[in-house]
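Report on one structure; see the data block that follows.
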Amino acid sequence: MLYHNHDHSLHQQQHPTDYPYSYQYTPKTSVQQRPLHWCIILISLLFVFLLVIESVAFIVLGAWHLTSRHVETVNLPFFDEVYHRELVFGIVLVLIGSAGIFMSILGLVAFFTLRLLLLRAFAVCLLVVMTGGIVSGVVGMVFSSHVNGYIEEMRNSTVVDGSYMEAKFMLGMNGGLSLFMSLTWIIGIVIVQCLTKDVNIYASDHIYRRS
């Protein structure tokens, strides 16, 4: 009788519900025999590929604004204003592109290991950088409108240099392109959320079966 009680108490002590942390699901799961999960993983990897391409595009556009001088004549009106706006816009684009490359590496690690902490970190980073990309796009278009204002002022007093028109066009176009590319990252946030829920469901089922 004592032995039976001892065994029963031992069984109670070893029950998973009494020690939830020792049986806590390690956020890593298998994808075998789960076609829907494989589909989500494939879409996730395709998104990482898109993220790499767009990040490189951000860096190239930013470097182009940093190295290309649309308004090369220093003594032209509003030279400093246009130059500083292109410089700021180029730096912002390069920073966002560099952050995108880092996120691509984080995304690959998160998608291959399927660790919930990494998936959530990737989603948060993606949201932050996407917000920065949207802001940079708006900034580019605002700078383009500023250059357009300088052009209107110069038309009243002197001949407008063609480089101002080019600077206005490139700031506006690249600002719009930056805004568009950043908005496509919403797809990645949705994918990560779906994958996180899928891993959570599998984790709950795994814990239930172990108990």
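The values are calculated or read from the model by the stated rules, or taken from the named source; none is laboratory data. Computed from a prediction, not measured in an experiment: that's the story for all the values here. Quick reminder, even Gly has a Cβ in these numbers, built from the backbone with ideal geometry, and neighbours come from all protein chains shown.
Overview of values
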read-out: Condition met for Arg155 (basic (Lys, Arg) and closer than 23 Å to Ser55 by Cα); value: no
read-out: Residue that is nearest to the chain's Cα centre (by Cα), among those in the stretch 76-129 that are within 14 Å of Thr196 (Cβ to Cβ) and among the aromatic types (Phe, Trp, Tyr); value: Phe122
read-out: Unmet criterion (only one of (1) crowded, with 17+ Cβ neighbours inside 10 Å; (2) of a type outside the set (S, T, N, Q); (3) more than 23 Å from Glu54 (Cα to Cα)) for Val129; value: (3)
read-out: Residue check for Ala99: at pLDDT 90 or above and within 25 Å of Tyr164 (Cα to Cα); value: no
read-out: Residue match in the stretch 163-178 (condition: within 10 Å of the chain's Cα centre (by Cα), crowded, with 16+ Cβ neighbours inside 10 Å, at pLDDT 85 or above and not in a loop (DSSP other than H, G, I, E, B)); value: no
read-out: Every pair of residues 6+ apart whose Cβ atoms lie under 9 Å, when the first sits in the stretch 73-94 and is surrounded by 20 or more Cβ atoms within 10 Å (Cβ to Cβ) while the second is modelled with pLDDT under 80 and not hydroxyl-bearing (Ser, Thr, Tyr); value: Val82/His70; Val82/Val71; Val82/Leu76; Glu86/Arg69; Glu86/His70; Glu86/Val71
read-out: Residue match in the stretch 43-66 (condition: modelled with pLDDT under 85 and either among the acidic types (Asp, Glu) or more than 30 Å from Met130 (Cβ to Cβ) (or both)); value: no
read-out: Close pairs from the stretch 186-198: first surrounded by 15 or more Cβ atoms within 10 Å (Cβ to Cβ), partner among the small types (Gly, Ala, Ser), Cβ under 6 Å, at least 6 apart; value: Ile189/Ala123; Ile191/Ser44; Val192/Ala123
